[in-house]
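I have placed the structure first, in the form of structure tokens, so that the comments after it can refer back to it.
Taken together, the values in this text are just the output of simple stated rules run on the coordinates, not laboratory data. Bear in mind that the values here come from a model prediction, so they are computed numbers and not experimental data. Methodologically, a virtual Cβ is constructed for each residue, glycine included, from the backbone with ideal geometry; neighbour enumeration extends over all protein chains shown.
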Amino acid sequence: MSLFKSLETKPEPNKGPNSLTPSEHVKCLIIGSGPAGYTAAIYAARANLKPLLFKGIQPGGQLTTTTEVENFPGYPGGITGPKMMDDLEQQAARFGTDIRWGIATSVDFSKAPYKVVVDEKNVVEADTVIIATGATARYLGMESEDKYKGSGVSACATCDGFFYRGKDVAVVGGGDTACEEALYLAGMCNKVYLIVRKTFLRATKIMQQRVMDAPNIEVLFERNTKELRGNQVVEEAVLIKRMGQPDESEEVIRIDGFFLAIGHTPNSDIFAPYLETDETGYIRTVPGTPRTNVPGVFACGDVQDKVYRQAVTAAGSGCQAAIEAERYLAQK
């Protein structure tokens with residue numbers, strides 16, 4: 001069976017990019033910034049592809065919501081996420097990348113050259129397209145979550161767990177990802193609370209067993225987080241016990257960090273009519289490559305990676321995408 005399925009959905013007549021006149025034509029269009037997008041831009045620009053990059057809805061990607069980054073090679077003293085993204089942007093611009101503000105709102109990948117509508121009005125025609133739109137972490141929707149983002153609230157234990165060595169933290173979620181994050185944190189933290197909304201864990205049996213066997217992980221079933229409190233940083237979480245039950249009550253746990261592990265949503269909706277995605281929306285690529293089912297269209301970073309989701313792996317896939325784009329153009 002082929003990795004890619006046939007395309008079934010097409011833009012309605014006179015409603016897609018084909019109904020608009022392209023305002024410009026480029027060899028290489030990069031949609032999205034962040035480690036993947038900027039690295040793709042650096043490589044594409046050095047290959048004289050004269051790339052055009054649109055920053056997207058969250059310029060710099062998820063790293064702009066992170067304070068210290070200590071696990072990216074080349075920064076022995078660490079660096080803040082926003083500063084790191086500024087450095088990458090400047091490096092991409094140095095080699096000639098045309099970097100602009102703008103959000104891709106629709107595409108037409110039915111034939112080359114491909115068309116991308118930006119901000120619902122400007123149409124760019126491109127010989128190759130590199131998608132680096134990333135994924136958005138899911139949050140609970142509490143006001144206090146936004147207040148403490150980067151000050152105790154994180155959606156990536158691998159990224160930020162190091163800062164909570166010897167401290168007490170909480171992880172929200174009941175699936176494999178939540179269990180993996182809890183176990184990772186248990187290796188460096190004093191105490192890990194795993195907050196589970198249901199009466200059971202959804203994780204695989206082996207992951208459940210590992211969590212239950214960890215001496216410093218306490219699973220709190222039938223709990224929902226009401227709010228986070230603290231002075232400048234997270235200091236405690238207020239939980240609701242037995243949600244929806246007559247004997248519902250509140251419980252306060254003292255924590256230094258609050259980790260969300262309830263999933264990510266890949267920013268791939270506008271590409272779905274043309275590109276194959278998995279059941280959760282991640283763009284499918286040929287294993288080991290950034291190639292999609294549409295020749296000349298490549299995907300890199302978190303929009304196609306639901307396993308690692310690290311800045312360094314995103315950057316690596318951005319490099320691959322640019323090299324593949326260069327080879328694709330050379331063969332035309």
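Numbers at a glance
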quantity	calculated
Cα gyration tensor, the chain - rounded (a/c under 1.5), prolate or oblate	prolate
Positive minus negative residues near E227 (Lys, Arg vs Asp, Glu; Cβ under 11 Å)	-1
Neighbourhood charge, 9 Å Cβ-Cβ cut-off, centred on A44 and excluding it, Lys, Arg +1 and Asp, Glu -1	+2
Cleavage-rule hits, trypsin sites (Lys or Arg not before Pro), the range 209-293, DSSP coil, Cβ neighbours within 10 Å at most 15	R242
HN-Hα J in Hz across the range 91-103 - Karplus 6.51, -1.76, 1.60, θ = phi - 60°, x for Gly and Pro	5, 5, 5, 4, 8, x, 5, 8, 9, 9, 6, x, 10
Shape category assigned to the range 139-260 from the gyration tensor of Cα positions, a/c cut at 1.5	oblate
Restraint check, K167/K226; K147/K191; K147/K198; K83/K332; K83/K241, Cα-Cα greater than 32 Å	K83/K332; K83/K241
Using a Förster distance of 56 Å, the FRET efficiency for K50-E218 (Cβ separation, nearest 0.05)	0.50
Restricting the range 268-332 to GluC sites (Glu not before Pro) in coil, as DSSP defines it, with at most 15 other Cβ within 10 Å	E279
Relative packing of peptides 186-195, 128-137, 303-312 - highest average C-beta neighbours within 10 Å first	128-137, 186-195, 303-312
GluC sites (Glu not before Pro) within the range 130-216, DSSP loop, no more than 16 other Cβ atoms inside 10 Å	none
Relative pair counts by distance (%), Cα atoms of the range 33-113, 10 Å bins	19, 42, 30, 7, 1
